Amino acid sequence: MPAEQQIPKIKLVRIAHVYYTHADLDKAREFLADFGFTVADDRGDTVYYKGYGTEPFVYCATKGPENEFGGAGFVVESMADLELASKTLPNATPILDSDAPGGGKRVTFRDPVDDFPFHLVFGQTPIEKSAHLPELDYNFPENKYRPVNKTQRFKKGPAAVHKLGHVGCCVTNFAKSFEFYTTRFNLKPSDIIHEPNGKDVSTFLHLDRGMEQVDHHTWFFFEGPKFHVHHSSFEVHDFDIQSLGHQWLRDKGYDLVWGVGRHVLGSQIFDYWYDRSGFILEHYVDGDLVDETTPISRSEAGPDSLHIWGPPLPPTFLQ
């Protein structure tokens, strides 16, 4: 048995935030406001953005010489997990004090296959929710849940972000990446996608938290010739809010990647957009939940496995 498999798994609790560097931070600021973030802390060349949930921040934008993905941050279960990470993960930093909103402690390591940064945090101070959006009552053909004289009315504007839901990347060696993340962390596949010859090339990983209900995936990757972030995905309140956000971004002249539609794996209603730096961000609603009783699903790669309704799959979507 390889020595690394004898090391206890580092227990992740949730995905918390992402880091991006933008050559033109002013354009990034404009898009991020229109996408539905609010500023948590503006430090000039570094801006932390939050949703309306309890995370101190969900997106960090930094000004730099070129556009670059700076990795995702996950909350670990205990200080012991952070100590284990610092001692055993590749090119890991010591445990450091975090000066980001929420404070706490942090460790950053480098992915052993593609050398991108991966962040672990513990002890952040949560914030109070800044919005309490109503769960709407709907009138169906045979069951009417909205009473007489109660209307559905909305205001135009961005789709307010609730939380970071997942991040996806293209990796250069699927098998090595899969082995590393499923043996060193409590990450478990909800779905594994294979080619016609049976070779596994993509996976959707959830956090194995026993019987706790968790999102269908918090981290996914697929194999390709060069590492890059594919997209970061943010949950919004419901389909109406998502659609209002779609209209807002469209009217502002931003470039639509793909949407609105509904995925097969995970079931989310999706809406993907390019920011001004060329990165893809997604609004999603209504994703599946899983727990330790959920079986691992295997299916063959193909365009029909990605969505059940919506616009045709863009030919460059998985490049």
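Of note:
- Only one residue of HIS246, VAL214, HIS194 has its Cα farthest out toward the positive end of the dipole of the stretch 97-251, where Lys and Arg carry +1 and Asp and Glu -1 on Cβ, and that residue is HIS246.
- A cut-off of 5 Å between modelled amide H atoms, ignoring neighbours fewer than 5 places along the same chain, links HIS162 with TYR52, GLU235, VAL236.
- Column: log10 I(q)/I(0), Debye, Cα scatterers of the chain, q = 0.10 Å⁻¹: -0.58
- Karplus 3J(HN,Hα) series, Hz, for the stretch 209-224 with 6.51 cos²θ - 1.76 cosθ + 1.60 (x for Gly, Pro): 10, x, 8, 5, 6, 10, 4, 3, 8, 10, 7, 9, 8, 9, 8, x
- Partner lysines for LYS199 [C-alpha distance under 16 Å; skip if fewer than 8 residues away on the same chain]: LYS176
- Taken over the stretch 260-319, the alpha-carbon convex hull comes to 113 cubic angstrom per residue.
- Kirkwood's formula applied to the C-alpha pairs of the stretch 177-315 gives a hydrodynamic radius of 16.1 angstrom.
- Extent of the stretch 1-110 along its three principal axes (Cα atoms, max minus min coordinate, largest first): 50, 31, 23 Å.
- Along the stretch 303-310 the Karplus relation, 6.51 cos²θ - 1.76 cosθ + 1.60 evaluated at θ = phi - 60°, assigns HN-Hα couplings of x, 6, 7, 9, 8, 9, 8, x Hz to successive residues, with x for each Gly and Pro.
- Tail fraction, Cα-Cα pairs, the stretch 76-228, threshold 21 Å, whole percent: 62
- Anchor LYS11: aspartates and glutamates whose Cα lies under 14 Å away (excluding residues fewer than 8 positions away in-chain): GLU77, ASP81, GLU83, ASP208, GLU212
- Filtered GluC sites (Glu not before Pro), the stretch 282-319: DSSP coil and at most 12 other beta carbons within 10 Å: GLU292
- Of TYR49, TYR138, TYR59, the residue with the greatest mean-square motion in the GNM of the chain, using alpha carbon springs below 10 Å, is TYR138.
- Lysines whose Cα lies under 27 Å from that of LYS150, excluding same-chain neighbours fewer than 8 positions away: LYS129
- Calculated [θ] (222 nm, deg cm²/dmol) that DSSP helices of n ≥ 4 give over the chain, each run adding -39,500 (n - 2.57): -4500 deg cm²/dmol
- Distance between the 7 Å Cα→Cβ label points at LYS199 and PHE239: 3.9 nm.
- Working from label points 7 Å from Cα in the Cα-to-Cβ sense, the LYS63 to ALA131 distance is 2.8 nm.
- Between ASP291 and MET79, full extension at 0.36 nm per residue minus the direct alpha carbon distance yields a gain of 73.9 nm.
- Couplings 3J(HN,Hα) for the stretch 250-265, derived from phi with the Karplus relation 6.51 cos²θ - 1.76 cosθ + 1.60 (θ = phi - 60°), are 4, 5, 7, x, 6, 8, 6, 8, 6, x, 8, x, 10, 6, 8, 7 Hz, where x marks Gly and Pro.
- When the convex hull of its Cα atoms is projected in every direction, mean area for the stretch 131-190 (nm²): 8.7
- Relative to the compact-globule estimate of 2.2 N^0.38 Å, the Cα radius of gyration of the stretch 193-238 comes out at 1.46.
- Length available on full extension from ARG146 to ASP251: 0.36 nm per residue minus the Cα-Cα distance, which gives 34.7 nm.
- Placing pseudo-labels 7 Å out from each Cα toward the beta carbon at ASP42 and ILE308 gives an inter-label distance of 4.3 nm.
- Extension gain for the segment ASP26 to GLU179, taken as residue separation times 0.36 nm less the Cα-Cα distance, is 51.1 nm to one decimal.
Readers should treat all values here as calculations from the given coordinates under stated rules, not as data from a laboratory. Since the model is a prediction, treat every value here as computed from it, not as a measurement. Heads up, the Cβs are rebuilt from the backbone with ideal geometry, glycines too, and the neighbour counts pull from every protein chain shown.
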